[in-house]
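The values are calculated or read from the model by the stated rules, or taken from the named source; none is laboratory data. Fair warning: this is a prediction, and the values are worked out from it, not measured in the lab. When we count neighbours, we look across all protein chains shown, and the Cβ atoms used for this are built from the backbone with ideal geometry, even at glycine. Quick note on the areas: whole protein, heavy atoms, side chains included, nothing else; ligands and nucleic acids left out. Shrake-Rupley method; radii C 1.70, N 1.55, O 1.52, S 1.80 Å.
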Amino acid sequence: MYAQMIQSTGKGVKSLDEMDPTERAFQERIDAGGKIEPKDWMPAGYRKNLIRQIGQHAHSEIIGQLPEGNWITRAPTLERKAILLAKVQDEAGHGLYLYCAAETLGITRDEMFEALNEGRMKYSSIFNYPTLTWADMGAVGWLVDGAAIMNQVPLQRTSYGPYARAMVRICKEESFHQRQGFDIMMKMCAGSEAQKRMAQDALNRFWYPSLMMFGPSDAESVHSAQSMAWKIKMNTNDELRQKFVDQTVPQAEYLGLTVPDETIKWNDEKGGYDFAEPDWTEFYDVLAGNGPCNHDRLETRKQAWDDGAWVREGMLAHAAKKRTAKVAAE
Ligand code: BYC
């Protein structure tokens, strides 16, 4: 059933006049800034689209631990190791809040994991790129968490209550993550020539994949129109990408690094930078499973799922035993 639920929602958005009275009341409540709670009536498409987006978001947090977890044992100092460990643990927590938020919509965590492992649910394209040097930990914090914040701060106002509330805590933690990444970049850029070259190389490799995190251009976005009407998304993909570029270019200048886009130029008229689009063929290729790390990431997740089977079975057996004991005592 949920395999069908997580398929795409079409682009067509009904006007108020085309809605039946229940749908219309629902839409008017959203338009007035009201929150939708788990037991409220909601259109099937709203539920389906939310499960898709929150589920994908949760999976991204969990898979997002892998490229950074890879560096915990190799962090250059004990302090950096402790900070990175805390950050990776935060990502696990974000995944768990988000799975809980999705569960309030009637899908189980097991169903979501199954859909991820079978490739029926996505996770952010960014995590299919490798983290090759310590500077990549800086670039991931600065750019990837920076992009995440840009996308997630508005989601604190999303119409679905459990999702909006989960985003409040997540955003606080993401701000710390972004700062620690920028701090690594500052240290590397103030270090030796070799360290500065590593920082530049990390920016070169993570710039375009970070721009891709915001999704396809608005013209190609399948879900934006309906998601914005329902306030599942608060901004379009291109709006957020533009804001991210405008925020990040001065930060790169501050670091003394060069954004790998020769066309980047401040545009007075629009009050933002003109910049080159990412290679969308590469984006769709990564989404299709052909990025440098897709195979590795999924295999690691499946292995973790299989390795954890004994824990799940043990906990279920324990819960069943407790239930039986409670019934016997009544
Ligand atoms: N990667 O109609 P569109 C983090 C898919 S976690 C993969 O524009 P939508 C972090 C999209 O799903 C960051 N797939 O979609 C964690 C759709 O396919 P389906 C995750 C992508 O949903 C640990 C199709 O392309 N953040 O930051 O309106 C450590 C058409 O796209 C991507 C969230 O998930 C992508 N980049 O907009 C550090 C935030 N882009 O589902 C950091 C919540 C698009 O029809 N999510 N697709 O098969 C969102 O805001 C929106 O879902 C998106 C995409 C902006 C990502």
Among what's in the range 202-221 and is touching a residue at least 24 places away in the same chain (Cβ under 8 Å) and within 7 Å of the ligand (Cβ to nearest atom), pick the residue that is surrounded by the fewest Cβ atoms within 10 Å (Cβ to Cβ).
-> 216
Meets criteria (in contact (Cβ under 8 Å) with a residue 40 or more places away in the chain and open to solvent by 40 Å² or more (accessible area, probe 1.4 Å)) for residue 285 = no
Tell me, yes or no, whether the range 243-258 has at least one residue that is farther than 27 Å from residue 178 by Cα, within 25 Å of the chain's Cα centre (by Cα) and open to solvent by 70 Å² or more (accessible area, probe 1.4 Å).
-> no
Restricting the search to the range 127-148, which residues are among the acidic types (Asp, Glu) and either touching a residue at least 60 places away in the same chain (Cβ under 8 Å) or out of contact with any Gly (no Cβ under 9 Å at 6 or more places or on another chain) (or both)?
-> 136
Within the range 269-279, is even one residue touching a Lys or Arg at 6+ places or on another chain (Cβ under 7 Å), of a type outside the set (Ser, Thr, Tyr) and more than 14 Å from the ligand (Cβ to nearest atom)?
-> yes
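So, residue 232, is that one at pLDDT 95 or above, among the β-branched types (Val, Ile, Thr), out of contact with any Cys (no Cβ under 7 Å at 6 or more places or on another chain) and more than 9 Å from the ligand (Cβ to nearest atom) or not? Working first, answer last.
On the way: at pLDDT 95 or above: yes; among the β-branched types (Val, Ile, Thr): yes; out of contact with any Cys (no Cβ under 7 Å at 6 or more places or on another chain): yes; more than 9 Å from the ligand (Cβ to nearest atom): no.
Answer is no for this residue.
One line per residue, one yes/no per condition, for (1) over 26 Å from residue 40 (Cβ atoms); (2) open to solvent by 20 Å² or more (accessible area, probe 1.4 Å):
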{"site": "78", "(1), (2)": "yes, yes"}
{"site": "81", "(1), (2)": "yes, yes"}
{"site": "85", "(1), (2)": "yes, yes"}
{"site": "90", "(1), (2)": "yes, yes"}
{"site": "99", "(1), (2)": "no, no"}
{"site": "111", "(1), (2)": "no, yes"}
{"site": "121", "(1), (2)": "no, no"}
{"site": "130", "(1), (2)": "yes, yes"}
Mind checking whether some residue in the range 1-21 is part of a helix (DSSP H, G or I), at pLDDT 95 or above and either away from the ligand (no atom under 16 Å from the Cβ) or more than 30 Å from residue 138 (Cβ to Cβ) (or both)?
-> no
Identify the residue in the range 143-172 that is within 11 Å of the ligand (Cβ to nearest atom) and among the polar types (S, T, N, Q) and, among all such residues, is most open to solvent (accessible area, probe 1.4 Å).
-> 151
